[in-house]
2 protein chains.
Amino acid sequence: MTSTPSPRVTIKDVAARAGVSKGAVSLAFNHKPGLSEATRDRIFAAARELGWAPSLTARSLAGARVDVVGLAICRPAQMLGLEPFYMEFISGVESVLTERSCSLLLRLVRSPEEEAGLLDSWWKGRQIGGSILVDFRADDPRVAAAERLGLPVVAVGHPSLTGGLTSVWTDDATAVTEAVRYLAALGHRRIARVGGAAALGHTGIRTAAFDEAARVLELAGAWQVTTDYSGEAGARATRSLLTAAPVDRPTAIVYDNDVMAVAGLSVAAEMGLSVPGDVSLLAWDDSQLCRLTHPTLSAMSHDVHGFGADAARTLFGVITGEGPGSHPVPTPVLTPRGSTAPPKM
Amino acid sequence: MTSTPSPRVTIKDVAARAGVSKGAVSLAFNHKPGLSEATRDRIFAAARELGWAPSLTARSLAGARVDVVGLAICRPAQMLGLEPFYMEFISGVESVLTERSCSLLLRLVRSPEEEAGLLDSWWKGRQIGGSILVDFRADDPRVAAAERLGLPVVAVGHPSLTGGLTSVWTDDATAVTEAVRYLAALGHRRIARVGGAAALGHTGIRTAAFDEAARVLELAGAWQVTTDYSGEAGARATRSLLTAAPVDRPTAIVYDNDVMAVAGLSVAAEMGLSVPGDVSLLAWDDSQLCRLTHPTLSAMSHDVHGFGADAARTLFGVITGEGPGSHPVPTPVLTPRGSTAPPKM
DNA sequence: AGCGCTTTCTCAACCGGTAAAGTCCCAATC
DNA sequence: GATTGGGACTTTACCGGTTGAGAAAGCGCT
């Protein structure tokens with residue numbers, strides 16, 4: 001059962017086998033000039049025969065770059081499972097990391113403060129070469145932490161939240177405005193929004209944009225509530241919005257993610273209201289979920305995978321000192337499906 | 001803007017500040033005997049003042065254990081976003097890792113072969129101290145790879161799939177049997193199962209168990225199809241099952257995850273069939289999603305978070321050489337909700 | 001006082017790489 | 001023929017810790 005205890009093969013073994021010095025092996029494996037083709041081949045052959053790959057640990061200790069990118073997520077564990085957003089975002093990040101043989105160091109944290117501390121130890125411990133920061137709040141401690149450390153990061157969030165950090169973000173204000181305009185154009189005058197976590201910066205941006213859009217369009221009714229993004233909370237919020245008398249209740253509801261919209265749909269069904277007959281629902285983030293319900297959910301859709309990939313690419317830009325710098329990603333676009341229609345009267 | 005470029009503080013600085021040698025600092029930080037209380041305090045004080053934390057990179061190079069656990073996931077990126085399973089599993093893993101100040105190294109791969117190679121380089125590169133292996137297939141190359149490397153791993157999968165590796169698993173056969181028995185007890189005689197990816201080992205186990213249960217219970221009709229776990233595939237499968245003439249089609253369908261069950265629910269609605277009146281649906285994995293639909297979905301429910309935590313704890317057991325060893329986790333239990341009932345006639 | 005024993009620390013040799021400086025050899029130039 | 005200039009490697013000094021082999025100091029005991 002217990003096979004040979006794996007005698008670790010090191011650069012020295014490879015050097016010996018190829019009949020060269022450690023330095024030569026290092027040069028070969030980093031594709032640096034100063035070696036003849038013949039030697040290079042001999043070294044690679046020796047490495048292949050021995051099944052050797054350079055130890056990233058040692059490499060990073062010796063001052064070279066670190067091939068690991070950090071990502072800390074600060075949300076209650078339970079919610080993470082359901083939110084398709086993160087996994088999709090992560091898979092986008094991964095798609096870029098994989099191209100460059102990098103790995104992702106993931107950690108769930110409970111607060112931005114804890115995350116700031118984590119970044120500190122990750123960076124000082126040379127565990128990561130850079131980090132992706134998500135879910136910004138007002139006065140986020142991570143901005144100062146990253147700057148103080150000189151840690152290369154890309155901040156996923158609007159520049160108004162991310163201080164001077166290189167950022168990628170979605171234009172939430174425009175998207176919210178478009179969502180409200182669309183519903184208003186259908187004829188809705190009483191519109192509600194079931195928002196995400198109040199503490200999150202982009203929730204604030206969306207809330208302000210919704211207010212502004214409601215003012216400009218002179219809506220007869222505009223409600224906003226914040227939740228914790230969970231389906232349960234979305235259901236609760238929907239229930240409370242729809243229990244008002246028909247003339248007072250919203251005829252359209254915008255949700256800040258798709259899980260809450262799905263929950264809202266089922267609440268409408270449970271209350272005997274038809275969608276989109278009695279109430280229109282508009283989701284956000286548009287994962288596959290929106291196409292699996294009946295009726296299908298209209299959504300502000302959004303290439304989350306691409307968003308993650310973009311964030312990762314931008315981070316590499318920061319690390320190498322070139323590349324794009326801060327920029328917005330494409331604004332979510334309205335994808336009408338079966339859950340939105342003009343109000344009945 | 002550019003603050004001080006963060007002059008890295010090392011063990012030497014701490015040693016100097018505390019007036020001791022590097023070795024002493026090392027002893028203190030590893031809680032090893034041989035230092036007086038006074039010196040110990042002095043060292044910790046110095047470290048605190050300097051904001052120093054030991055470099056895990058250097059530490060692991062020097063032969064100490066590595067505080068990182070690997071996890072590679074081999075599924076198409078797109079599906080990952082929607083499958084609540086993984087994020088919930090990961091959050092369970094994290095909950096245990098966090099207690100021990102460990103991090104998770106995550107990577108999405110395209111094949112078990114690629115994963116085997118990744119484990120090789122992670123381990124040889126001393127990037128991980130152990131790994132969690134999921135989604136076993138028949139003759140999985142990772143079994144041999146882990147054994148050859150002497151890499152501490154915990155395999156998430158039935159022992160029949162994981163070779164001699166320390167494993168944790170759910171008893172899928174029993175769970176499937178229970179699901180079928182339950183539906184049969186309600187009076188269903190024509191039952192279908194929409195399974196997951198055929199290549200996956202546990203899909204095979206469930207398929208065999210379903211066949212066996214159908215045989216034992218002498219069901220009049222038993223269908224099984226395999227899918228890729230996506231909602232789309234679940235919808236397609238459901239559609240094709242339900243288009244048969246009423247007397248020939250299944251009156252109950254079991255799904256291998258909850259996303260496909262949600263999709264199935266919407267297909268039934270779209271076809272004008274009532275759930276559970278015309279057809280009963282039973283989901284698997286029971287994320288929050290099952291409680292957000294209308295009707296709510298009955299499910300074989302399953303503490304996925306706890307499963308992840310258990311896997312992580314077992315891995316630590318393997319690493320330290322003590323702990324539980326291979327064991328099953330609690331079998332999923334049937335949670336009846338609104339989507340299952342006796343068949344109409 | 002001399003001897004052995006601890007306890008408390010220091011020293012120096014690694015761990016497995018990287019990178020700057022140094023060595024050698026040979027062709028080209030003055 | 002001596003000098004210069006590279007190309008092709010090797011040497012050596014780290015990177016930031018750990019670790020085992022001492023060394024110095026304090027203490028009890030004969």
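Hey, which of these cross-link pairs are over 23 Å Cα-Cα: A:22/B:124; A:12/B:22; A:22/A:124; A:124/B:22; A:12/B:124? Show your work: numbers first, answer last.
Values: A:22/B:124 17 Å; A:12/B:22 27 Å; A:22/A:124 27 Å; A:124/B:22 17 Å; A:12/B:124 14 Å.
Those over the limit are A:12/B:22; A:22/A:124.
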Placing +1 at every Lys and Arg Cβ and -1 at every Asp and Glu Cβ, with all other atoms neutral, what dipole size does the range A:172-301 have around its Cα centre, in debye to the nearest 20?
280
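Magnitude of the Cβ-charge dipole of the protein assembly as shown, K/R +1 and D/E -1, about the Cα centre, nearest 20 debye?
It works out to roughly 1560 debye.
Evaluate E = 1/(1 + (r/R0)^6) for residue A:111 and residue A:212, where r is the Cβ-Cβ distance and R0 equals 35 Å; express this FRET efficiency to the nearest 0.05. Don't jump to the answer; show the numbers that get you there.
Values: r = 31 Å, r/R0 = 0.87.
Calculated value: 0.70.
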Can you list the HN-Hα couplings for the range B:240-247, worked out from phi with the Karplus curve (6.51, -1.76, 1.60; θ = phi - 60°), rounded to whole Hz and with x for Gly and Pro?
5, 5, 8, 7, 5, 4, x, 6
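Per the Kirkwood treatment, what hydrodynamic radius in Å, one decimal, follows for the range B:92-143 from the mean inverse distance over all distinct Cα pairs?
On the way: mean 1/r = 0.0819 Å⁻¹.
Result for the range B:92-143, one decimal place: 12.2 Å.
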Averaged over its residues, how many other protein chain Cβ atoms are within 10 Å of peptide A:282-292's Cβ atoms?
4
For residues of A:95-103, the mean tally of beta carbons on other chains within 10 Å:
3
The range A:138-182: which trypsin sites (Lys or Arg not before Pro) are DSSP loop and have at most 12 other beta-carbon atoms within 10 angstrom?
none
I'm a student and want to see the number: the projected area of the Cα convex hull of the range A:46-122, averaged over all directions, in nm².
7.0
Restricting to Cα atoms and excluding each atom paired with itself, what does the Kirkwood estimate give for chain A in Å?
22.7
Only counting other Cβ atoms within 10 Å, I'd like B:294, B:31 sorted with the fewest neighbours first.
B:31, B:294
Principal axes of the range B:172-301: Cα extent on each, largest first, Å:
33, 30, 22
Using only the C-alpha atoms of the range A:11-54, find the volume of their convex hull and express it per residue in Å³.
56
Scan around residue B:167 for amide H atoms under 5 Å from its own, H built in the peptide plane at 1.01 Å from N, and keep only partners 5 or more places away or cross-chain.
B:155, B:326, B:327
On the principal axes of its Cα set, how long, how wide and how thick is the protein assembly as shown? Give whole Å, largest value first.
79, 67, 58
Taking only C-alpha pairs under 8 Å that are 6+ residues apart, what is the relative contact order of the range A:11-54 in percent?
42
Footprinting proxy, A:37, B:83: sorted fewest to most Cβ within 10 Å, the residues are A:37, B:83
What is the spin-label model distance, in nm, from residue B:16 to residue B:181 if the labels are put 7 Å beyond Cα along the C-beta direction?
7.2
Please compute, for peptide B:64-76, the average count of beta-carbon atoms on other protein chains lying within 10 Å of each residue's beta-carbon.
1
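Any idea what the alpha-carbon Rg over 2.2 N^0.38 Å comes to for the range B:124-227? Provide the component values of the computation, followed by the final result.
Details: Rg = 17.2 Å, N = 104, 2.2 N^0.38 = 12.8 Å.
Against the empirical 2.2 N^0.38 Å value, I get 1.34 for the range B:124-227.
As a check on your grasp of the helix formula, calculate [θ] at 222 nm for chain A: sum -39500 (n - 2.57) over DSSP H runs of n ≥ 4, divide by the residue count, round to the nearest 500.
Working: 13 runs with 153 residues, N = 345.
Value at 222 nm, helices only: -13500 deg cm²/dmol.
Exposure proxy check: A:182, B:86 ranked by fewest other beta carbons within 10 Å? Could you put the intermediate results ahead of the total?
On the way: A:182 19, B:86 24.
With the sparsest Cβ surroundings first, the list reads A:182, B:86.
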The range A:33-82 and the range A:146-194: distance between their alpha carbon centers, rounded to Å:
35
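A short reminder: the numbers here are calculations on the coordinates, not readings from a lab. The shown structure was predicted, so the numbers you read here are calculated from the model rather than taken from an experiment. No Cβ is skipped: glycine too gets one built from the backbone with ideal geometry, and neighbour counts run over all protein chains shown.
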